[in-house]
Each structure stands twice: as structure tokens, then as C-alpha cells.
Amino acid sequence: MKKADYIWHMKNSKYCICAKGYEVNSPRVVESIVYECIPVIISDNFVPPFFEILRWDSFAVFVFEKDIPNLKSILLSISERRYKLMQKRVKMVRQHFLWHTTPVKYDIFHMILHSVWYNRVFRLPPK
């Protein structure tokens with residue numbers, strides 16, 4: 001599949017499956033947001049980027065690995081109204097995942113800095 005085809009499919013899908021892989025993280029989660037597709041995160045223990053700031057459950061679907069056989073019914077159970085709201089929110093959070101040569105307020109550069117700061121300040125002291 002050519003990259004243009006991959007991007008076209010991401011942009012023209014309601015949901016983008018982001019399955020757990022062998023890596024610590026997958027670029028597919030961020031790609032789905034950049035292409036305004038609702039990420040469907042299939043994992044039992046995925047910690048999404050910027051979880052301390054963003055309400056992921058408002059623009060993404062989380063599915064436990066044991067529920068993969070029910071994936072179709074899970075997605076079909078999401079009402080059109082809820083889907084539209086999630087899609088609107090994906091478009092809103094998209095700005096936080098974009099990289100600019102010169103940083104732009106609230107882009108991924110600033111989000112990473114904030115995340116590092118937040119996790120440093122609110123880290124539990126070692127016991």
C-alpha cells in the first residue's frame with residue numbers, strides 16, 4: 001500500500017484501529033488523530049500520551065484485549081450523536097499532536113514540555 005493510500009484510508013474512516021504491538025508505543029494513535037479519525041485503542045494497559053491533560057475517553061474508544069471478539073458490536077453501539085461529538089473532539093485535540101518547525105502555542109512541542117514538567121513535579125517521592 002502506498003503512503004497516499006494509507007493516509008486516504010485514515011482520513012476516510014470513522015474509526016482507526018490502534019492495536020497493541022511489540023513496541024512500547026505505536027505511531028498509529030497519533031496518526032489517527034492527525035488524520036481526524038477516532039482512535040480505537042485495543043490494549044489492556046496502554047497509557048495514552050498526555051493522559052494527565054487530555055480526556056482521552058471523550059475522543060477515543062478503549063477496548064480490552066479480551067473484548068476483541070465484540071469489537072464490531074462495541075463500535076456499532078456508539079450512537080451517531082456520540083460519534084459526531086467524538087469526531088469534533090478529535091479535531092479539537094489534533095492541534096496538540098502537530099509538529100511545527102517553529103513551535104506554535106499548544107503544539108506537540110509544548111505538550112511534551114508540559115508533560116515532562118507535570119510528571120517531574122507530581123512524581124511520587126521514592127520510598
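Nothing in this text is a laboratory measurement; each read-out follows from the coordinates by a stated rule. What you see is a predicted model, and the numbers here were worked out from it, not measured in a lab. Ideal geometry is used to build each Cβ from the backbone, glycine not excepted, and the neighbour counts take in all protein chains shown.
Structure above, values below:
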quantity: In order through segment 101-108: 3J(HN,Hα) via Karplus (6.51 cos²θ - 1.76 cosθ + 1.60), integer Hz, x for Gly, Pro; calculated: 4, 9, x, 10, 3, 6, 7, 5
quantity: Whole-angstrom gap from segment 50-64 to segment 82-99, using each part's C-alpha centre; calculated: 11 Å
quantity: Dipole-positive endmost among Cys18, Pro69, Ile7 within the chain (Cβ charges, Cα centre); calculated: Ile7
quantity: Structure-based [θ]222 nm, the chain - -39500 (n - 2.57) summed over DSSP H runs of at least 4, per residue, nearest 500; calculated: -12000 deg cm²/dmol
quantity: Segment 1-54: GluC sites (Glu not before Pro) in DSSP coil with no more than 14 other Cβ atoms inside 10 Å; calculated: Glu23, Glu52
quantity: Sequence-distant residues sharing a close amide H with Ile17 (under 5 Å, placed H); calculated: Val40
quantity: Cys with no candidate disulfide partner in the chain (beta-carbon separation under 4.7 Å rule); calculated: Cys18
quantity: Cα shape, segment 28-127, gyration tensor, a/c 1.5 rule; calculated: oblate
quantity: From phi via Karplus (6.51, -1.76, 1.60), per-residue ³J(HN,Hα) for segment 76-83 in Hz, x at Gly/Pro; calculated: 5, 7, 7, 5, 4, 4, 5, 4
quantity: 3J(HN,Hα) from dihedral phi, segment 46-63, Karplus parametrisation 6.51/-1.76/1.60, rounded to Hz, x for glycine, proline; calculated: 7, 9, x, x, 6, 4, 6, 10, 9, 8, 4, 5, 8, 9, 9, 10, 10, 10
